[in-house]
Every structure is written in structure tokens, then in C-alpha cells.
Amino acid sequence: MFRRLSLSAGVAAPLIYLVFVFGGQWLAPGYDPATRMISELGMAGSPAAGLFNAGLLAAGALTVLAAAGFAAEFARLRAPVSGGLAALAVAVFGASILIGGLFPLQDERHLAWGTGFAVQVAPLLTLIALRGTAGLSGLKIALFVVFVAVNALLAVLFGVGDLVDGDTVGLWQRAYGLAIFPWIGVTALALLLRSAPARGRSGAALSGAR
């Protein structure tokens, strides 16, 4: 039950993040998502500050809970070491989002001392944890693509290629946000769906044995 609940939290977390990030910008008149950073929505004085920061708190807390579900599921799939590292990376990332909601921008703690960059390796660690699991080929391919994408986008945001300027920084950051978060929900959903038939077959076998 706990595993299913925590994996369900993983499905919900990115949905909440995307709703509050992309919905919050419409509550701030004059806010230009192409040129403004996402975290500016949570700054003091922003009309969307309370709602945006609440969204970060919820998304962060649910992501930390999802990490516990990942750890439990990977242990069940006999990948406790690589799965544990993947779950730890997801938990650290979730905690960084939670800290970002607690301490809005202009507070130096908003960036959680860079701990959120744990998400850069989380898709690869998840892929490694799933390497011995039959099926899920689509998810495995997606995890590899996400791993490449999040690292490429971070490099661009740090100046590689000189693609980011004042007119596009917000768009690049939102592209990065779309890369770093939704895969957690997709992975959690895939693990939930994968475990459901197994329970059904076990129940049927037990009924037949009676």
C-alpha cells in the first residue's frame, strides 16, 4: 500500500509543478515568460507568489515521497544499490524544490545550495536500476533521452553555444523544467502499471489453489 501511495505521489508531483509554473505566469500581469526566470513568480510582490510557492512546496514534498516508492520498487525488482542511488537522487531533487518554496528568490537559500542538480544523474541511475527488468523498453529509451536532454539543456543554460540571451532565457529555463520533472511521473506511472498485473495473477493463483 505504501509503495503504491508513494508512486502515486510521483505521478502527481510533476503535474502540480507544471500547473503552478505554467499557470502561475498568467496570474502575474506584465510577466513575460520568454524573458523572465521561473522563480521570479515566487518573489515578494509577485501577484502569484503565494500560489507559486505553495505549488513548489507540494511538488517537492510529493517528489520526496515518490523517492521512497522508487526505493521500495527497485528493491522488489532486485536492484537495491543502483535503485537506492536513483531514489536518493530523486529525493535530493525533491528536497531542493521544497527548499525553493520555503525560501523564495532573493533568499540565497532558494537554490538549495545546488543540490537540485542531483536530477542530472537521476534518469541514468533509474535506467541502470531497470536494466535487468523485462519489458519497459519504451521507458528505458525515454530515460536515456531525458538524461541526454537534461544535461544538454543545462550546458546551454550555463552558456555553451551562446544560445541563451535576455530575450530567451525564460524559454530555455522552461524547456529545462519540462525535461527534469515529467520523467519522474512517467516512471512512477509505469512502475504502478507494471506491478498491478502481477498482483492480479497472484490473486488468481491463490484463488485456484483454494
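Gaussian network model of the chain, Cα springs within a sub-10 Å range: biggest mean-square fluctuation belongs to which of TRP183, TRP172, TRP113?
TRP113
Tell me which of VAL148, THR115, LEU65 sits at the most positive position along the dipole axis of region 22-165, charges placed on C-beta atoms (Lys, Arg +1; Asp, Glu -1).
LEU65
Quick one: check the C-alpha center-to-center distance for region 50-120 versus region 1-21, whole angstrom.
Cα centroid of region 50-120 versus Cα centroid of region 1-21: 12 Å apart.
Can you tell which of PHE52, PHE22, PHE117 shows the greatest fluctuation in a Gaussian network model of the chain with Cα springs below 10 Å?
For the chain, modelled as a Gaussian network with Cα springs under 10 Å, the answer is PHE22.
May I ask you to derive the FRET efficiency for ASP167 and LEU193 from their Cβ-Cβ distance with R0 = 41 Å, giving the value to the nearest 0.05?
After rounding, the FRET efficiency stands at 0.50.
If you bin the C-alpha pair distances of region 48-194 every 5 Å from 0, what whole percents do you get?
2, 10, 17, 21, 20, 14, 9, 5, 2, 0
Is region 1-87 rounded, prolate or oblate when judged by the Cα gyration tensor, a ≥ b ≥ c being the square roots of its eigenvalues, rounded requiring a/c under 1.5 and prolate requiring a/b larger than b/c?
Prolate is the answer for region 1-87, as a/c is 1.5 or above and a/b outweighs b/c.
From the phi angles alone, apply the Karplus equation (6.51, -1.76, 1.60; θ = phi - 60°) to region 163-174 and give each ³J(HN,Hα) in whole Hz, x where the residue is Gly or Pro.
Result, ordered by residue: 8, 9, 9, x, 8, 10, 4, x, 5, 5, 5, 5 Hz.
Compute the distance in nm between two label points, each set 7 Å from the Cα along the Cα-to-Cβ direction, one at ARG131 and one at ARG76.
Each label point is offset 7 Å from its Cα along the Cβ direction, giving 2.3 nm.
If you place +1 on the Cβ of every Lys and Arg, -1 on the Cβ of every Asp and Glu, and leave all else neutral, what size is the dipole of region 23-178 about its Cα centre, to the nearest 20 Debye?
Working: 7 positive and 8 negative charges, 153 e Å.
Roughly 740 debye for region 23-178.
Please compute the per residue accessible area over region 55-95 with all protein chains in place, 1.4 Å probe, rounded to a whole number of Å².
Heavy-atom accessible area per residue stands at 35 Å².
Would you work out if region 5-51 is rounded, prolate or oblate? Take a ≥ b ≥ c from the square roots of the eigenvalues of the alpha-carbon gyration tensor; rounded if a/c is under 1.5, else prolate when a/b is larger than b/c, oblate otherwise.
Prolate.
Over the chain, with every protein chain in place, what whole percent of the accessible area is carbon and sulfur at 1.4 Å, could you tell me? Can you show the working numbers first?
Numbers: 7300 of 10240 Å².
Answer for the chain: carbon and sulfur cover 71 percent of the accessible area.
Mean-square fluctuation check for the chain, GNM, Cα pairs under 10 Å: which of VAL169, VAL150, VAL119 is largest?
Of VAL169, VAL150, VAL119, the Gaussian network model singles out VAL169 as fluctuating most.
Which one of ALA89, GLY30, LEU5 is farthest out on the positive end of the charge dipole of region 1-137, using unit charges on Cβ (Lys, Arg +1; Asp, Glu -1) and the Cα centre as origin?
LEU5
Rounded to the nearest 500 deg cm²/dmol, what is the calculated helix-only ellipticity per residue at 222 nm for the chain, with -39500 (n - 2.57) per DSSP H run of length n ≥ 4?
-23500 deg cm²/dmol
The values are calculated or read from the model by the stated rules, or taken from the named source; none is laboratory data. Keep in mind it's a predicted model, so treat the numbers as computed, not measured. Every residue, glycine as well, gets a Cβ built from its backbone with ideal geometry; the counts of neighbours run over all protein chains shown. Ligands, DNA and RNA are stripped out before the accessible areas are found, and what is left, the full protein with its side chains, is counted by its heavy atoms. Shrake-Rupley method; radii C 1.70, N 1.55, O 1.52, S 1.80 Å.
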